1. Ala55: modelled with pLDDT under 95, within 13 Å of the chain's Cα centre (by Cα) and surrounded by 12 or more Cβ atoms within 10 Å (Cβ to Cβ), yes or no?
2. Which members of region 79-136 meet the condition of being in contact (Cβ under 8 Å) with a residue 24 or more places away in the chain, β-branched (Val, Ile, Thr) and surrounded by fewer than 14 Cβ atoms within 10 Å (Cβ to Cβ)?
3. Among the strands (runs of 3 or more DSSP E) confined wholly to region 68-141, which include 2 or more residues that are out of contact with any Cys (no Cβ under 6 Å at 6 or more places or on another chain), modelled with pLDDT of 90 or more and not polar (S, T, N, Q)?
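The values are calculated or read from the model by the stated rules, or taken from the named source; none is laboratory data. None of the values given here were measured: they were computed from a predicted structure. No Cβ is skipped: glycine too gets one built from the backbone with ideal geometry, and neighbour counts run over all protein chains shown.
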Amino acid sequence: MRKFRVLALMLATILLVGMCSVGCTSNNDITVTLEFWTSEDAEAAWWKQEIKVNAEAPTVELVVNEASAEYPDLGCTWSDRYELSLPDYPDTQLEDGTYMFWTFTIDGVEATAKANEASVTDGSVIKYVYTALNLEDTAAE
């Protein structure tokens, strides 16, 4: 009888460990490269890191927020889900009417969704570029 209890206890332990290893691990871990460029003409990224996130539906916003948590000196803030600001590169309008703001691409494709809606996958490259837009120059074209 004692052998049966020991065997039953060992079997229960093995089952619990097996269940935890299946239920406790996540297949939602991805690594994304996040880059910030000060202009489209810059020779290299101003900031570039691989960021690991764990989410069922990872988004650009989640990656940026994870980067901000991991690298607090980066100082990313959101004025809106689509409007990102960094301390030295704010989302702003200059005196001459030029708007300065961040745009992003995912794997070289221009974003068509807000950062909180734009999906990323393992290996994605998110490239933010600090962009100047003067509406007067655009209207003259």
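1. Working: modelled with pLDDT under 95: yes; within 13 Å of the chain's Cα centre (by Cα): yes; surrounded by 12 or more Cβ atoms within 10 Å (Cβ to Cβ): yes.
Answer is yes for this residue.
2. Correct list: Thr121 only.
3. Values: elements: 77-80, 83-85, 98-106, 125-134.
In region 68-141, the matching strands (runs of 3 or more DSSP E) lie at 98-106, 125-134.
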